[in-house]
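The values are calculated or read from the model by the stated rules, or taken from the named source; none is laboratory data. None of these values were measured; they are calculated from a predicted model. Glycine gets a Cβ as well: all are built from the backbone with ideal geometry, and neighbour counts include every protein chain shown. Note: areas computed on protein heavy atoms with side chains; ligands, DNA, RNA excluded. Shrake-Rupley method; radii C 1.70, N 1.55, O 1.52, S 1.80 Å.
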Amino acid sequence: MTGDKVAGVTAGERFRGWPQIQANARKAAGGLAALGVREDDCVALMLRNDFATFEVNMAASQLGAYAVPINWHFTPEEAGYILADSAAKVLVVHSDLLAQIAGGVPESVRVLVVPTPDEIAAAYSVPPERRQVPVGLETWDGFVAGSAPHTQPPRALRGSMIYTSGTTGRPKGVRRRPSTPEQQVLLAAESAKYWGLKPDPATVVLMNGPMYHSAPAAYGMGAARLGLGMVLQPRFEAEDMLRLIARHRVSHMHIVPTMFVRLLRLPDVVKARYDVSSLRWVTHGAAPCAAAVKRRMIDWWGPVITEYYGATETGVVVWHDSHEALRKPGTVGRVVEGAILRIVDEQGREVKQGEVGEIFLRGPHLSDFTYNNDDAKRREVALGDLVTVGDVGYQDADGFVYLCDRKRDMIISGGVNIYPAEIESTLIQMPGVRDCAVFGIPDEEFGEQICAYVEPQVDAGLDSAAVRAWLGEQLARYKVPKIVEFSAALPREDSGKIFKRKLRAPYWEKAGRSI
């Protein structure tokens with residue numbers, strides 16, 4: 001973001017200022033209203049991070065409608081389910097993604113298409129014929145240009161209805177009640193305190209995570225509402241991130257631990273090539289981060305890294321900064337002001353300090369929610385006014401919270417609880433390991449056994465025996481995987497997060513059991 005431009009969004013070689021994005025959003029809101037979109041309705045978007053991503057979200061907000069982002073990896077059946085379950089009236093979609101899901105779009109849904117731009121096409125190797133808008137369909141920009149601006153006062157803010165992914169059953173839409181003006185003020189203060197997002201013309205945000213996930217969506221839209229300078233990375237790649245940080249003097253980022261690992265794997269000569277001194281606030285969450293990885297990142301980037309823990313359903317509940325991370329290795333932080341966290345056993349009784357149990361949460365300022373069309377599921381996850389997303393962990397004497405794993409990912413082998421996240425955080429530090437995933441698979445004798453998938457670095461020369469021997473030196477023997485498989489490219493999302501279910505499912509299906 002250079003000094004001669006108004007604040008706005010840079011995407012590849014394109015730039016669009018916030019005044020234009022906001023004006024487009026007002027016109028889009030007028031157009032959506034003319035199509036019959038009203039309060040509590042849904043507008044779906046299957047977009048990679050682009051100008052239209054912000055315009056659609058802003059337009060829906062003005063009408064008091066929910067923006068429903070759809071994961072761009074979804075099949076026609078998966079996308080069609082969300083469109084039907086949300087009763088979306090409109091779908092805004094990149095042209096190449098429409099070709100991917102066209103068979104699943106209900107006839108009742110009005111489709112508006114965004115031509116796939118150069119930098120996204122290059123990042124995803126989109127062929128020219130899939131970048132074009134199909135004949136007979138309307139473009140998003142054309143729809144905006146032909147619409148009269150919305151002139152009514154904005155309705156109460158609903159925000160996004162994110163569909164959470166589960167290991168069983170269908171995804172569930174987190175449908176939140178409208179937030180009050182007082183809640184919005186408190187949420188803005190929370191965003192400033194825990195994510196560092198506040199009005200500042202010197203701020204430049206790098207968006208590198210897909211905004212169909214709740215945290216990147218909240219982070220990106222929080223920055224958008226403040227009119228902060230923003231750079232979009234079309235797809236995460238470690239050296240490209242460093243290049244963008246140096247070129248645009250990026251100050252703020254939301255990141256996930258997998259990105260840290262990829263950055264640290266770069267050769268020292270590559271790391272030294274890029275100036276990252278502009279970074280002031282790097283926040284991360286979404287998955288446990290190995291203490292050794294966090295320490296190395298702080299050594300490199302300085303004490304600019306913060307971490308939070310929460311959920312789509314709760315917002316930020318736990319937080320800490322770099323200094324606390326070094327003092328309490330492995331923690332996700334302490335409970336923030338106004339939030340509540342309880343750790344309980346199978347009977348719902350609070351466990352003793354240091355004991356592992358299921359974590360129940362309530363954020364400080366978000367309005368209450370239900371799961372769209374599934375109030376019963378909402379009641380299932382409740383403990384009084386707290387909810388769980390299935391994480392297990394413990395709290396130390398100083399109030400610092402530590403995550404062990406997701407309850408659904410926990411392996412029970414011979415009656416012993418084993419946490420894959422612990423094994424993964426150890427295995428990722430093995431020389432020659434680029435990435436890894438650990439999970440439980442069926443075992444006739446013990447119920448489950450441990451399986452590890454390893455994505456090795458090129459020419460690492462790893463084998464199963466070497467991996468098991470290395471882990472055996474770091475962990476108790478019962479935590480060492482009996483099966484170690486290798487893959488040149490583990491299935492993953494664009495954030496770098498591994499699609500563990502795709503690896504795990506064949507083992508359970510072969511055993512005639514679901515996961």
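Quick rundown of the values:
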| read-out | value |
| --- | --- |
| Rounded to 5, the percent of DSSP beta bridges in segment 253-384 classed as antiparallel | 70 percent |
| Antiparallel bridge percentage (DSSP; both residues within the chain; nearest 5) | 55 percent |
| For a label point 7 Å along the Cα-to-beta-carbon line of K510, residues of segment 428-461 with backbone N under 19 Å | 437-455 |
| Protection proxy ranking of 189-195, 342-348, 175-181, 91-97 - average other beta-carbon atoms within 10 Å, highest first | 91-97, 189-195, 175-181, 342-348 |
| Accessible-area composition of the chain, carbon plus sulfur, in percent [1.4 Å probe] | 51 percent |
| Distance in nm between pseudo-label sites at A488 and A99 (7 Å out along the Cβ direction from Cα) | 2.5 nm |
| Shape call, segment 398-506: gyration tensor on alpha carbons, a/c limit 1.5 | rounded |
| The chain, helix-only ellipticity at 222 nm - DSSP H runs n ≥ 4, -39,500 (n - 2.57), divided by all residues, nearest 500 | -9500 deg cm²/dmol |
| Shape call, segment 377-455: gyration tensor on alpha carbons, a/c limit 1.5 | oblate |
| Residue-count net charge about Y394 - beta-carbon cut-off 14 Å; Lys, Arg +1, Asp, Glu -1 | -4 |
| Relative packing of 202-212, 350-360, which averages over residues the other C-beta atoms within 10 Å, highest first | 202-212, 350-360 |
| Residue-span extension gain [T139 to V458] - 0.36 nm each, minus C-alpha spacing | 110.5 nm |
| Cβ charges +1 (Lys, Arg) and -1 (Asp, Glu), total dipole of the chain, debye | 680 debye |
| Within segment 259-330, percent of DSSP bridges classed antiparallel, to nearest 5 | 60 percent |
| Calculated FRET value between L35 and A382, using beta carbons and R₀ = 45 Å, to 0.05 | 0.80 |
| ³J(HN,Hα), Karplus 6.51/-1.76/1.60, whole Hz, each residue of segment 125-140, x for Gly, Pro | 6, 7, x, x, 5, 8, 7, 8, 6, x, 4, x, 9, 8, 7, 4 |
| Sorted peptide list for 108-114, 143-149, criterion being average Cβ within 10 angstrom, highest first | 108-114, 143-149 |
| Whole-Hz ³J(HN,Hα) from phi, Karplus 6.51 cos²θ - 1.76 cosθ + 1.60, for segment 302-315, glycine and proline x | x, x, 9, 9, 10, 9, 10, 9, x, 7, 3, 6, 10, x |
| Sites R296 and E445, calculated FRET efficiency, Cβ-Cβ separation with R0 51 Å, nearest 0.05 | 0.80 |
| For the chain, accessible area per residue (1.4 Å probe, heavy atoms of protein chains only), Å² | 43 Å² |
| Inter-site label distance for A466 and R273 at 7 Å from Cα along Cβ, in nm | 2.6 nm |
| Gain on full stretching of the segment that runs from D375 to V6 - 0.36 nm per residue minus C-alpha separation | 128.3 nm |
| Within segment 1-95, trypsin sites (Lys or Arg not before Pro) in DSSP loop having at most 11 other beta-carbon neighbours inside 10 Å | K5 |
| Using θ = phi - 60° and Karplus 6.51 cos²θ - 1.76 cosθ + 1.60, couplings along segment 102-116 (whole Hz; Gly, Pro as x) | 3, x, x, 7, x, 4, 6, 8, 7, 9, 10, 10, 9, x, 5 |
| Extension gain from H323 to I340, taking 0.36 nm per residue of separation minus the Cα-Cα distance | 3.8 nm |
